[in-house]
Ligand code: ADP
Ligand code: MG
């Protein structure tokens, strides 16, 4: 049972997230075409391409370095709302992870939570507003609750919670972002940001599992 996450695993998670987003780009854009402006997939794919370019140039040595690299690349290349929000997640994650090259399971959960708290501070979305927060908050809660059982258990619990939170956005009426302009008509559709956020948690799970 692994009880820590290394920077190398965290870098692998970011690379996996980029591959999934590239593969699912059109599906994410399709989701955003229904309740937004049809750019979430292209926004995220562009931002993560820039991240991979930076990672290919230099390998971050610490969580702080990784968070800064990913956060800055997303903020500077993604035009949509999601770029600064995900960028904030990574900047805060890095600040909390700090100069370490590995952190224990609970510490990794705390770094993720700091990142999610950063999204909430910046975007002011509450649970139930039909945003990425609806996948991310349950995920970090589940990670914390299972952290004592090791990384594999925490990551599996976080992914299940993210998926449930993502799917639970379908009936919700959006209260933040462009989808909120639709009012009641936003109900009945999955939130694109909750989908891309679940892909991040899935990438983390795949990168940290030992089995
Ligand atoms: P834009 O809405 O500017 O076109 P994107 O399409 O890339 O940006 O991202 C849309 C996603 O961003 C939404 O599906 C939602 O999950 C998320 N989002 C929008 N506003 C907020 C907010 N205030 N807080 C958290 N997430 C938000
Ligand atoms: Mg959009």
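Read-outs throughout are calculated quantities, based only on the coordinates presented, and are distinct from any laboratory measurement. Note that this is a predicted model, so its numbers are computed, not measured. Cβ coordinates were reconstructed from backbone atoms using ideal geometry, including for glycine residues, and neighbour counts include every protein chain displayed.
Let me understand the range 111-208 better: what is its radius of gyration from the alpha carbons, and its Dmax, in angstrom?
Just the Cα atoms of the range 111-208 yield Rg and Dmax of 13.4, 43 Å.
Relative contact order of the range 131-195: what whole-number percent is it, with Cα pairs under 8 angstrom and at least 6 residues apart?
Across the range 131-195, relative contact order equals 39 percent.
Determine the calculated [θ] at 222 nm for the chain from helices alone, applying -39500 (n - 2.57) to every DSSP H run no shorter than 4 residues and normalising by the residue count; nearest 500 deg cm²/dmol.
About -22500 deg cm²/dmol.
To the nearest 0.05, how large is the calculated FRET efficiency for residue 4 and residue 160 if R₀ is 25 Å and r is the Cβ-Cβ distance?
Plugging the Cβ-Cβ distance into 1/(1 + (r/R0)^6) gives 0.70.
Taking Cα centroids, how far is the range 100-123 from the range 1-78 in Å?
16 Å
May I ask for the angle, rounded to the nearest 10°, between helix 40-57 and the longest principal axis of the chain, with both axes built from Cα atoms and the value confined to 0 to 90°?
Approximately 20 degrees, to the nearest ten.
So, R0 is 25 Å and r is the distance between the beta-carbons of residue 52 and residue 209; what FRET efficiency does that work out to, to 0.05?
E between residue 52 and residue 209, to the nearest 0.05, is 0.70.
Residue separation times 0.36 nm, minus the C-alpha to C-alpha distance between residue 19 and residue 145: what's the value?
42.5 nm
Once the Cα atoms of helix 192-208 and of the chain are each reduced to a long axis, what angle between those two axes, in degrees from 0 to 90 to the nearest 10, is obtained?
20 degrees
What percent do you get for the relative contact order of the range 4-208 when only Cα pairs under 8 Å and 6+ apart count?
24 percent.
Dividing the convex hull volume of the Cα atoms of the chain by its residue count, what figure in Å³ per residue is obtained?
94 Å³
Mind checking which of 177, 41, 94 has the largest fluctuation in a GNM of the chain, springs on alpha carbons under 10 Å?
Result for the chain, Cα springs under 10 Å: 177 fluctuates most.
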